[in-house]
Each structure stands twice: as C-alpha cells, then as structure tokens.
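Notes follow once the structure below has been shown.
The values are calculated or read from the model by the stated rules, or taken from the named source; none is laboratory data. Bear in mind that the values here come from a model prediction, so they are computed numbers and not experimental data. For neighbour counting, all protein chains shown are included, and Cβ atoms are generated from backbone atoms with ideal geometry for every residue, glycine included. Only protein heavy atoms, including side chains, enter the accessible area calculation; ligands, DNA and RNA are left aside. Shrake-Rupley method; radii C 1.70, N 1.55, O 1.52, S 1.80 Å.
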2 protein chains.
Amino acid sequence: MATYKAPLKDMRFVLREVIDFKEVTALPPFGEVTPDLVDAILEEAAKLCENVLFPLNRSGDEEGCHYENGVVRTPKGFKEAYTQFIDGGWTNITTDPKFGGQGLPATLGFVVQEMITSANLSFGMYPGLSHGAYEALRAHGKPELQQRYLPKLGDGTWSGTMCLTEPHCGTDLGMLRTRAEPQADGSYAITGTKIFISAGEHDLTENIIHLCLARLPDAPGGTKGISLFIVPKFLPTDDGKPGAANGVRCGAIEHKMGIKASATCVMNFDGAKGWMVGEPNKGLNAMFVMMNAARLGVGMQGLGIAETAYQSAAAYAKDRLQGRSLTGPKNANGPADPIIVHPDVRRMLLIQKSFAEGARALAYWVGSLIDKAHHSDNAEAREAADDLLQLLTPIVKAYFTDMGSESANLAVQTYGGHGFIREHGVEQLVRDARITQLYEGANGIQALDLVGRKLMMKGGKPAQRLLGEINGFIAANKADPKMAEFVEPLEKAIGRVQESVMYLMQNAMKNPDEAGAAATDLLRLMALTAMAYMWGRIAKAAHAGLQAGTDNDFYETKLATGRFFARRVLPQTTALAHQIKAGSETLMALKAEAF
Amino acid sequence: MATYKAPLKDMRFVLREVIDFKEVTALPPFGEVTPDLVDAILEEAAKLCENVLFPLNRSGDEEGCHYENGVVRTPKGFKEAYTQFIDGGWTNITTDPKFGGQGLPATLGFVVQEMITSANLSFGMYPGLSHGAYEALRAHGKPELQQRYLPKLGDGTWSGTMCLTEPHCGTDLGMLRTRAEPQADGSYAITGTKIFISAGEHDLTENIIHLCLARLPDAPGGTKGISLFIVPKFLPTDDGKPGAANGVRCGAIEHKMGIKASATCVMNFDGAKGWMVGEPNKGLNAMFVMMNAARLGVGMQGLGIAETAYQSAAAYAKDRLQGRSLTGPKNANGPADPIIVHPDVRRMLLIQKSFAEGARALAYWVGSLIDKAHHSDNAEAREAADDLLQLLTPIVKAYFTDMGSESANLAVQTYGGHGFIREHGVEQLVRDARITQLYEGANGIQALDLVGRKLMMKGGKPAQRLLGEINGFIAANKADPKMAEFVEPLEKAIGRVQESVMYLMQNAMKNPDEAGAAATDLLRLMALTAMAYMWGRIAKAAHAGLQAGTDNDFYETKLATGRFFARRVLPQTTALAHQIKAGSETLMALKAEAF
C-alpha cells in the first residue's frame, strides 16, 4: 500500500541548515515566528495530513465526485475532513492579518502545502483554489469587496475558483467569449460557459466565489479586452451570509484520468451578478497575480507526489522478497532478499530521493524569496528576490511536475505488476500527478515563458542574478577539497547553461522559432543546474553537520544522495546542451501535412 | 478523440524497401507468399482493426470486465468482435499448417500484431496469450496433446493462458508453491493459486487452456524444480468437445490502472487435472520459449500504442486553433493558428514519429530474424539470426514499451488539459501502455537479461554480430556524402556502446553489482544505437526512392524525421555513457535503512 509520513526531519534540516530560514523570520512581520512555533505548526500539519487526509486519498479516488442536477457531492469523509481542516485554521496560515489571517511566512505555507499534496492532491485542490482567488482579490479588489469576501475565503467557510478556460480557448485566452453587461447598480451580468473549473461546485462550503474572466461590450479583441469579475454562487446578504442564488450553475463534471475526488466543473453563467476586480480590460494582469502563485503551488504538487511515491517505493523495496543480490544473499535465512539489494531498484529509488530532497531545498528557498520580495525593508533586496522568483517560477512548475510524474511512474515500476493494481495505491499517484504537467499552463508553455519572457526581462537581469548567485557559491567553495565533487559538476553544468543561452541570444533574434525549439530542453537544463546548486548547499550543510558530529548517518546519507545526483542525474545536461544547439531546423522542416 | 488508421504505406515501405522482406519470402516454406497476398492481408487486417477493434477500445475501457461467482463477462461487443476475428482466421495466420495454421511469416504476424495493439490493446490480449500457449505446446508437448489442443488454440475456438505468477513470487519463480500430484492415469492433480492471469476466465471461447507452472512432490527447490502442465478449463471429450468442468476456477479479477477490458484473473487450482508438457523439472525452459515470444509481442504493444498516440496527437495538433506562430500568423484568416506551428509541439510529435517509424523498421527486421532463425536452409544463417534475436529481445521489449508510454504521455501533453479527460481517449493510452513496462518481466529485468545473460552468451558472439552488422553498414556508407548526417552520429553512438561494454567487462567481473548498475542505461544506449542504425537504413532507402523520383514528399519526410532523431534524440547517448561509467558506487553506498 502507498505510504506517507511527513518528512519532518528533512523539512527542518532544509529550513534550519540549508536555506537560512532565520533570514525570513528576521523580516519585519515575522517577529513572533519562533522555532518552537514553526515546530508546533509542522507537527500539527503532519498529524492532520497523515491521519485525516492521507486515509481519504484512496477511497476518494475510488468513489470520485458525483454530479446530479447541478449539485456535486464530494467523496465520503471529505466534508468532515474539510471541517477539521478549517477548524484548525489551515486555510488561513499565510493570509493577511488585516482580514483575520495568521500572516505566517510563505515559506512555511510551502512546507504545509507539500504535506497536503503528498497526502491527498484532490483534497488540496479545494483550499488551494481559494488561496488563488484570495490573492487576486487582495491585490486588485476594491476595499468593500475585500471586506465582504476575504475573511470568508481566508477562514475557509467560503471557497474560491478561477474561471478562465472556455471550450475553444485555454492557453489562448485572447479568444474568450464570456460577456459582462454593465448593470444600473454598478454590477455586471455575466453570461458564458467556462470549463475545467476546479472546485466550481461542491458540498464543502456554504458559498463558492468565482473569479471569472469576461469581456465588456465595448472591449477590444484579444487579451487586451478581458476583465476580471467576482461572481458568488450565493449573493452575500448585508450581514455576510449566503443569500439568494446567483445565475451560475454547474452543468456537468468531467470524468478524468486522476484527481477524481476533485470536482472539475463545467460552469454556466447565465446573467449572473458579478463585480469587477481591478481595472476594465486589465483582467489578465489581475489574473496573473493569482496564476503565478498557482504555478508555484502546482510545482509543490509535483514535489508532494514525488515524496509519497518515493516513500511508497522505498517501503515496498525493503519489504518485498524476490531473488538474490548479485553479490550473494543478503537475507540468507529468508526465502529471498528484499529487492532493495538490486542496483537497478536503488537507481529508481535514488532518482526519486535525490529529486525530492533537492527539490525541497529549492522549493523552500523559493518560498523564502516570496517572503523577502514582499517584506524585506530594503528595496534592492525586494527586487532581487522578486527577480529570482519570476525566473524560477516556470522552472519549478514544469520541472517539479515532470519529475512528480516520473517519480510516481518509478514507484509503479518498483512495485512491478502489483503497481498496476488499484488497491496498492501507487498507480493513483501516476494518474493524479499527470494533471500537474497540464494545468496552470502546460509545461511547454512554462518553457516558453522562461525563454520568451523571463530570460529576456529587464535586459536579462534576473538570469544574471541566478547565475551570479550560483557562481558566487562556486567561487566560495571551490578551494574546499571536500566540496569538489559537488562544485565541479555544478561548474560544468552552469557552463552548459551559459553556452546554451549564448546560442539562443545569437539565433533567436533572427528566428523566433529558435526560442521555441530550445525552450523545453533549456528549462530542463536550468532546472538540473539549479538542483545541482541546491545539492551543493545541502552538501555544505551536511559537512557542517558532520563537523558537529551528532547525527553522522543523516549527514552521510545526504552526501551520498547528492553524489548520486551529481554523477547519475546531472550528466543529462550534456545531452540537453547538444539538443539545444541542434536548433529549430529539424523541427520546422516538415510541412504540417507531413505529420 | 483518439484516432487510428493503419499506416499501410509506411508498413509496406519498411517491408519492401528497408528490411528486404524478399529474403523472408525466399525462405522454403513461404513460396506462396506473393506481394499481392501480403497486400491483401495487410488491407484486410487494417479494415478489421480500424472498423471493428478500434471502436471498442474506448467503450471497453469504460465498461471493463465484470466478475460474478466465477464467471467473467467481457465488455459489450467483444464477443462479436472476437467471433469476427477468428472467422477471418486471424488467430491462425502464422501457426503451423500441420495443425491447420496458415504458416505465414512471423514478420507478417508482427505487422498484424502492431495493428491489433494500436487498435485495442485489451482485445489483443485474448488471442495474444493463446499464441504463447500454442508455441510452448508446439515446442514441448507430446504429440497427443498437440493433436488435441493445437488446432483449437490455432483457430481460436479455445484460448490459452500462461499461469506463472503467485502472490509471493513473480520475477523469482524459484519460490513458487503450486503442487502437481501424479495420478494413476498419468495425469497430475494441480493445486495452488495463480495471480495476474490474463484471459484466465472470459466469455469469448468455449474452452480455456491453462499452461501452468507447478512443482512435483519430489522436486528440488528453486527454479530447477518447476514443471509445466496443461490444464483445460473443461476436460476435452474424445471427439474434441469441451466436456466436464475441471477443478480450476477464477476467484476474482483485478481492478487495474488500464487494459480494463482484458480480464486479469486470480485462478484457483484445486486438484485440477493436468498433463505435463516437456520434461519433469524443466518447466521453466519450456516456459521460456513462450516467454521470449511474449516479450517481443509486448514490445510490439509498445510500438502499437506509440503509433496510435502519435496519430491522435498529430490530428489534434493540426486541428486545435490556439495562439499564433512565433514567426507570424500562419492561419491569418482564422481566429488562431493550429498548434502544430509551434516548435515545442513539433518536438513532441517528432519524438513520437521518429520512434514509431524507426521502431517499426527495427521490429519488422526482428520479425524477419525469427523467420530466418526457423526456416533458413543454412545452419550458420539460422544461428546468426537467432543470436541477433536473443540479443534484441530484451531491447525491443524494454525500449519499445518505455517509449510507448512516453509517446502516450506526449499525446496527452499535446492535448493539454483535454488530454486528461477520459472521453478524448488519449489518457487511456497512458494507462494501457503502463502495463507493458511491467509484465513479461519488468523492464529492469529485461536490462539484467541483456547485460547479465545476452551480452555474455556464447563468449559475446551475439553482441559481436550486432556490432558487426552495424559497423558493416557504416563502412559501406561512409563514403557517401548524402549519408554522412546519419552515418557519423551512428558511428559516435556505437563508439559509446563499445566504450560502455568495455567498462563493464573491466568492472563487472570484480563486482557483479556493476552489471546491475549499468543495465538500464546500457539497454537504452544500445536501443538508441539500434534505432540510429535503422534510421540509417531508412535514409538509404529514402535516397534510393528519391532517385526513382516518384514520391519525393514521402521520402523527404523520412529523411527529415531521421535527421530529427539523429540530432535531437540520439544525443541522449552522451549522457548515458557518462552515467554508465559513474559505476555502482553511488547506488550501493546507502544502507537499506537510509532509504
């Protein structure tokens, strides 16, 4: 059976020893965030995720959501779990104290989010989408809308959605057709059909608040004519209760490959009453606030699933007796050796483990960049953090989710034929992980965002900052012989990034297809390099830990896992650099009809 | 919606222009196999697969198989399709004329098998398993057993199974516990539980013939004490009708990730009457005859699914309008360009296309090796073909199925969020393909078979033959400037294979874990090299075709696809060579408890 225990020791190690969480808690708003408080939060979150959410993961998948006549019923146990979830204040941990939130660091939010998605990705979608709606409203809503909706979205009694996609347009939102007619009272009447709306309808909360993209009657065509509206399922009364039903209704739910306990809805808006959020025709900007946060959130889902996949595979590999070690029996008194004796099984486990641990460090570092970008009292520090954050967002989204799927598939492979059987729970991880590579911008779109926008923004300053950060680490540790095995491969990898970016700069100006042709491979190359950097930082922390001498096994394991990454994963960068320099020619040679 | 048309033109191109199918039809038993006959067979197979089997693929997945009280019901339409299938003689095309078969070349059987699995993998499992049972019985059964069972297995009125796995043993068959007690009449009473039995029970045929591994009472432990038995569901009467029910019963069917229309059964043998096939305690040898054939069959499943995935993705990419080309609108009068204008979409399609076409050539070449190994009148030619066949079997099984899954996943990715929705049919390809990497020996086992057995067998002669074959092609084409773009990368790739094998020879003797550590990467390296060789042969055929000048678009497309493979897929070999030479150290460093 799939298994999950929150990796608290590893999480604390990253926070305390790798990413310098003290820099976060030193920021002005986080004066009360003591190590004891952090520990208490992590332990409570672990209990909830392990004991409440994880046990519902398998049953939720089997049962799925049920749709009847506009009403959606979530699987058995979800309502009770959600109540416990909001009673514990978990929807409100990083939200704004001005609206009743706890105002804890985003970094800590990432740690909790990892646990939630490890335990139950489908469940995590309900509060996850609310969080996106909350952020958009907080950044762009008028004060009266904020007062009316943010406290309820924050405490989880109401939930939120993001209504973007329509049947004929997903990536290309410029084509969207949903209309918003201004009404005499300052509101708008929204009419149109939205699809793929996660948590669009369900039975967990007393109200559902849709953030919906639509066009004003006089709006210009394309993406410059899109506005954002808030459309509640029930119109709030003056005392903040859900009142009359609004003209929005769930028409169907999708039958999907995975995340079956998450309701993916077709939403029909039929003159529904809504209020504008942000400026007319600037809806896409407002939506992007929420989209960027959501993209990092989806990246965390990749990490979350990868961790559960790894734990499940490792437990099975230690338990399943089959065959003998190539170097002689290791369990001579048993009928066979546990399959973990086999190098190829370890290869699979170490791909998972070296990803999860490196990605965790990278993720929490990104979390700390959010906190610094928002709360540093130094403008240059805020800008630097935000630059890195912008650059790393598509990398985290695409690489983490690709690896979440790979890790889930490796768990199935470790289980052999048993992995294909539903009751063992690992094939569900493959099906659930698959959506993360698709939603919030398919991973190819992330790669285009990286090469087409992020690498070039501000004259390349964010990219220079990342390279500068990594080169700084190399320079600082190059002389240390203990660090050579991590620093040297990192230096080669960053050389390949520089070479590839140079190739792109020389070619993509003349031919924009060169950027598209390089995008996915360059994203992967940069992701692997960022991971190698994090493994360098982990190794440094491990050597420091060994110096202290209290928990040598733990630190030696970190070093061994980092060595695996450097020697058996990072070499992919050689192939990627070749592929990038092969250019767009082989891709564009064929006529469309030749496919 | 997923889409499939049998790629007849491409199939004919491979048979006629790439692999020299004339060498097969020149073999003694195939005198009547004229090009017209081959054409007629391919066209009839295509009609059946496109019009009968493919339309049942989606509905079969949704409905699945139903189990009640020992009885298994296949999905609606399967019984009618199966009747049509056996009425058309499709189960008998390559079987022995001595028992009523049509005795056509195995190569042709591969072509038809590709179409069947492209159309409906689940359906293909029912006749597919029969074929394995047929082969084992034909190779090892006593004449009276052959007379009784082979004609019925051949014409498909009865079907077959392979009963190997038990709950506690899959890969490690040495642990199996099913018992066979000799009876006074020369038969055996078989008792035990087998799991994961494909087509173990169903409603398509009047009888089901199990080939079952079990232990005699005095058998030695381990794999040297396993015998093979034939155990019919209904005991045949003297006039060849299904008679009294035997003591074997389906206890349950598995709920699986995919191939839901294929019944995967728990089979309980309770003193069931069986007859020995082959020698006592030599059952595993007899089973391996069938297993090797089955492994190639599973490889073909990978190719079959990859083709459907490619066709579905290409059709969608040409149809879906979303966004604009980076180099300016290509469909200026439409609301957006079809997504095939994007280099990254083409990258995904070309990975699929270059795999399917190269793998098809490799597969049919392997098919021709079967025919030569069985029917050449020259002993050295038979041996040479068999050597290559042995070596290529694990490569075809593992690489084709890994790529079948990758191709299916790329189809989902091309569809974006729509790919995750069941009704569009591409997510089913991912779920169905996933089993092919697991059954008939998980792909890690294939890799161990390659490095631990096949590379070393006969003092390395089979490996020398493959390298010799490829080096011969390089030598013959090196001077041709038109071929340089294919020959040069092939030469580099084969150099990496030689380097890696050398590394292994130097290290695996001292430490057998080195073989396990290199196995998966070396299999992939050799597979990519074999594919580059096939692309070389395809390119040569394409240049010859261009010379003739009748169908230039077709041949130019082949060359362009081959260039993509050489420049954007084959570079993976650089990373693989590095990873192999990193050795086993990083894999074995951790204690089991550290996972």
Condition test on B:Ser227, is it out of contact with any Ser or Thr (no Cβ under 8 Å at 6 or more places or on another chain), under 19 Å from B:Ala136 (Cα atoms) and surrounded by fewer than 23 Cβ atoms within 10 Å (Cβ to Cβ)? no
With respect to B:Gly274, determine if the residue is crowded, with 24+ Cβ neighbours inside 10 Å, at pLDDT 95 or above and assigned to a strand (DSSP E or B). yes
Tell me whether the range B:326-349 contains one or more residues that are part of a helix (DSSP H, G or I) and more than 10 Å from chain A (Cβ to nearest Cβ). no
From the residues in the range B:557-579 that are more than 7 Å from chain A (Cβ to nearest Cβ) and among the hydroxyl-bearing types (Ser, Thr, Tyr), which one is farthest from B:Arg347 (Cα to Cα)? B:Thr573
Consider B:Thr520 carefully, then state whether it is under 20 Å from B:Gln446 (Cβ atoms), open to solvent by 10 Å² or more (accessible area, probe 1.4 Å), at pLDDT 95 or above and among the polar types (S, T, N, Q). yes
Would you confirm, using the coordinates I've provided, whether B:Thr264 is within 9 Å of chain A (Cβ to nearest Cβ), under 19 Å from the mean Cα position of the chain (by Cα) and either surrounded by 24 or more Cβ atoms within 10 Å (Cβ to Cβ) or at pLDDT 95 or above (or both)? yes
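Each row is one residue, and each column tells you yes or no for (1) within 21 Å of A:Val248 (Cβ to Cβ); (2) open to solvent by less than 20 Å² (accessible area, probe 1.4 Å).
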{"site": "A:Gly88", "(1), (2)": "no, no"}
{"site": "A:Thr91", "(1), (2)": "no, no"}
{"site": "A:Phe99", "(1), (2)": "no, yes"}
{"site": "A:Ala133", "(1), (2)": "yes, yes"}
{"site": "A:Leu145", "(1), (2)": "yes, yes"}
Restricted to the range A:368-408 and to residues being open to solvent by 10 Å² or more (accessible area, probe 1.4 Å) and of a type in the set (Lys, Arg), the residue farthest from A:Val33 (Cα to Cα) is A:Arg382
Test for B:Ala398: is it among the small types (Gly, Ala, Ser) and within 22 Å of the chain's Cα centre (by Cα): yes
Would you confirm, using the coordinates I've provided, whether B:Gln547 is open to solvent by 10 Å² or more (accessible area, probe 1.4 Å), within 11 Å of chain A (Cβ to nearest Cβ) and of a type outside the set (A, V, I, L, M, F, W, C)? no
Based on what the data block shows, is B:Ile197 of a type in the set (Val, Ile, Thr) and within 14 Å of chain A (Cβ to nearest Cβ)? yes
Working carefully through the options B:Leu42, B:Leu37, B:Leu48, find the one that is at pLDDT 95 or above and in contact with a Lys or Arg (Cβ under 9 Å, 6 or more places away or on another chain). B:Leu42
Looking at (1) away from chain B (no Cβ under 12 Å); (2) within 25 Å of B:Glu485 (Cα to Cα); (3) surrounded by fewer than 21 Cβ atoms within 10 Å (Cβ to Cβ); (4) at pLDDT 95 or above, find the lone condition where A:Ser500 falls short. (3)
Output the number of residues of the range A:167-201 satisfying the condition of being touching a Gly at 6+ places or on another chain (Cβ under 7 Å), among the polar types (S, T, N, Q) and open to solvent by less than 20 Å² (accessible area, probe 1.4 Å). 2
Go over the candidates B:Leu164, B:Leu104 one by one and state the one that is open to solvent by 10 Å² or more (accessible area, probe 1.4 Å), within 21 Å of B:Phe269 (Cα to Cα) and among the aliphatic types (A, V, I, L, M). B:Leu164
Looking at (1) assigned to a helix (DSSP H, G or I); (2) in contact with a Lys or Arg (Cβ under 8 Å, 6 or more places away or on another chain), which is the one condition that is false for A:Glu440? (1)
Could you check, for the range A:218-229, whether at least one of its residues is closer than 23 Å to A:Leu129 by Cα, part of a strand (DSSP E or B), touching a Phe, Trp or Tyr at 6+ places or on another chain (Cβ under 9 Å) and more than 14 Å from every other protein chain (Cβ to nearest Cβ)? yes
Taking the range B:409-448 as the region of interest, how many residues are under 28 Å from A:Ile340 (Cβ atoms), open to solvent by 10 Å² or more (accessible area, probe 1.4 Å) and more than 8 Å from every other protein chain (Cβ to nearest Cβ)? 3
Identify, from the list A:Gln413, A:Gln428, A:Gln390, the residue that is in a helix (DSSP H, G or I) and touching an Asp or Glu at 6+ places or on another chain (Cβ under 8 Å). A:Gln428
Residue hits (the range B:131-150; more than 18 Å from B:Leu284 (Cα to Cα) and either acidic (Asp, Glu) or in contact with a strand residue (DSSP E or B) (Cβ under 9 Å, 6 or more places away or on another chain) (or both)) are B:Glu144, B:Leu145, B:Arg148, B:Tyr149
Please find, among A:Gly358, A:Gly283, A:Gly297, the residue that is open to solvent by less than 20 Å² (accessible area, probe 1.4 Å), under 14 Å from the mean Cα position of the chain (by Cα) and away from chain B (no Cβ under 14 Å). A:Gly297
Tell me, which residue of the range A:583-595 that is at the interface with chain B (Cβ under 8 Å from one of its Cβ atoms) and in contact (Cβ under 8 Å) with a residue 12 or more places away in the chain is nearest to B:Tyr310 (Cα to Cα)? A:Leu587
Across the range A:30-40, what is the number of residues that are of a type outside the set (Phe, Trp, Tyr) and either farther than 16 Å from A:Pro97 by Cβ or touching an Asp or Glu at 6+ places or on another chain (Cβ under 9 Å) (or both)? 6
Has the range A:479-493 got any residue that is without any contact (Cβ under 8 Å) to a residue 60 or more places away in the chain, open to solvent by 60 Å² or more (accessible area, probe 1.4 Å) and not in a helix (DSSP H, G or I)? yes
From the list A:Gly221, A:Gly247, A:Gly240, which one is at positive phi and open to solvent by 10 Å² or more (accessible area, probe 1.4 Å)? A:Gly240
If you check A:Asn552 against the conditions, is it among the polar types (S, T, N, Q) and away from every other protein chain (no Cβ under 11 Å)? yes
